[in-house]
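The values are calculated or read from the model by the stated rules, or taken from the named source; none is laboratory data. Note that this is a predicted model, so its numbers are computed, not measured. Positions of Cβ are backbone-derived with ideal geometry, glycine not excepted, and every protein chain shown enters the neighbour counts. Please note that ligands, DNA and RNA were not included when accessible areas were found on the heavy atoms of the full protein model with its side chains. Shrake-Rupley method; radii C 1.70, N 1.55, O 1.52, S 1.80 Å.
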Amino acid sequence: MPSIAIVTDTDASLPAEVAARHGVTQVPIMVNFGEEMLKSDEEIDNATLFARVDRDGKLPTTSAPSPGQFAEAYEAALTAGAEQIVCLCVSAEISGTYGAAVVARDIFPERDISVVDTRTLALAQGFMVLAAAEAAKEGASVEEIIAHARDVGERTRFYAALSTLKYLAMSGRVGHLAAGMATILNVKPILTARDAKLDLLERVRTRKKAWARVIELTGEFLGDHAVERMAIMHVAVPDEAREFEARLRASLNCPDEILVAGLSPGLSVHSGAGMVGVVVAAAR
């Protein structure tokens, strides 16, 4: 049975201990303050990121890992004994990460390296990565691993309530006037992953109603299906994430274990601090 290594990028937002437990390597997305380039989750976290943003009044940019970073990850896996590699990347619609991973693959023409565009992000991508790692551990082939990961991706949804439009206004994605009016009216936009991108789905008045709507959308998606895997994502608000978990459990038939994780800084730049949401994979 060949040894198959699983590689991804930090936009999968897998906590380091979860990735390590499953033998997954995460190549860091870069967060850039001018010429200063920081590795997401390794050299900068959400608390540091938004403290700096609020101090400077300016958002950083983000960039894909370089092909060299992926090549280093592949080389490390091969040196450790992997005979094949499956690399699952954040959606190519929002990042050049997939392209960088492909370029790095071509550095090893004699090696069996498969690069997959997950067409999603955050822990929806993370769930696909975990599914791939579990399948690899069970002895599945590369083709079976990729098929299983894609199947899980098709059964996964992500809904989140933003705390503010402030950061989207700073990025230019919405106007400052619209963001200011939303703040005055206490509007909480609801975010989802749709058509391989982050998308504003709805705008709801008040945090309480936004959380209730996120839970309602999750229930509508699940329908009569049980939950195969569930996670709560947040940006620098762990206490609110736990409060949201209690409301989620009170409303839906949740699994005993729900992963609680911070959104990677490579993505939280776009959502802003205070986001809370749920990622769910429906069972077949």
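A few comments on the model shown:
- Cβ-Cβ under 7 Å pairs, at least 6 apart or on other chains, segment 45-62 side among the β-branched types (V, I, T), far side buried (at least 19 other Cβ atoms within 10 Å of the Cβ): V53/L59; T62/I29; T62/M30; T62/V31; T62/G266; T62/V269
- Residue satisfying condition, being at pLDDT below 95 and either under 22 Å from L14 (Cβ atoms) or in contact with a Lys or Arg (Cβ under 9 Å, 6 or more places away or on another chain) (or both), within set F70, F50: F50
- Long-range neighbours under 7 Å by Cβ, at least six apart or interchain, first residue part of a helix (DSSP H, G or I) within segment 206-234, second basic (K, R) and modelled with pLDDT of 95 or more: W211/R247; I215/R247; F221/R157
- Residue count for segment 103-130 satisfying the condition of being aliphatic (A, V, I, L, M) and assigned to a loop (DSSP other than H, G, I, E, B): 2.
- Looking only at residues in segment 132-149 that are in contact with a helix residue (DSSP H, G or I) (Cβ under 6 Å, 6 or more places away or on another chain) and touching a residue at least 60 places away in the same chain (Cβ under 8 Å), the one that is farthest from A282 (Cα to Cα) is A136.
- Here L38 passes the criteria (1) open to solvent by less than 10 Å² (accessible area, probe 1.4 Å); (2) not basic (K, R); (3) not in a helix (DSSP H, G or I) except the one numbered (1).
- Exclusive hit being touching a helix residue (DSSP H, G or I) at 6+ places or on another chain (Cβ under 7 Å) and closer than 25 Å to F127 by Cα, set V18, V27: V27
- Residues within segment 136-162 that are in a loop (DSSP other than H, G, I, E, B) and open to solvent by 10 Å² or more (accessible area, probe 1.4 Å), tallied: 5
- When segment 235-278 is filtered for residues that are polar (S, T, N, Q), closer than 27 Å to T97 by Cβ and assigned to a helix (DSSP H, G or I), the ones remaining, listed by number, are S268, S271.
For (1) of a type in the set (A, V, I, L, M); (2) over 28 Å from I94 (Cα atoms); (3) open to solvent by less than 50 Å² (accessible area, probe 1.4 Å), each residue gets a yes or a no:
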{"site": "K209", "(1), (2), (3)": "no, yes, no"}
{"site": "L222", "(1), (2), (3)": "yes, no, yes"}
{"site": "A226", "(1), (2), (3)": "yes, yes, no"}
{"site": "R242", "(1), (2), (3)": "no, yes, no"}
{"site": "A261", "(1), (2), (3)": "yes, no, yes"}
{"site": "S264", "(1), (2), (3)": "no, no, yes"}
{"site": "G277", "(1), (2), (3)": "no, no, yes"}
{"site": "R284", "(1), (2), (3)": "no, yes, no"}
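- For segment 74-99, the set of residues classified as part of a helix (DSSP H, G or I) and either under 16 Å from L198 (Cβ atoms) or open to solvent by 10 Å² or more (accessible area, probe 1.4 Å) (or both) consists of E75, A76, A77, L78, T79, T97, Y98, G99, listed by residue number.
- A single entry from A179, A133 fulfils the requirement of being modelled with pLDDT of 95 or more, over 16 Å from the mean Cα position of the chain (by Cα) and not in a loop (DSSP other than H, G, I, E, B): A133.
- Of the set (1) under 24 Å from I94 (Cα atoms); (2) open to solvent by 50 Å² or more (accessible area, probe 1.4 Å); (3) modelled with pLDDT of 80 or more, all apply to A196 but (2).
- The number of residues in segment 1-33 that are surrounded by 23 or more Cβ atoms within 10 Å (Cβ to Cβ) and small (G, A, S) comes to 3.
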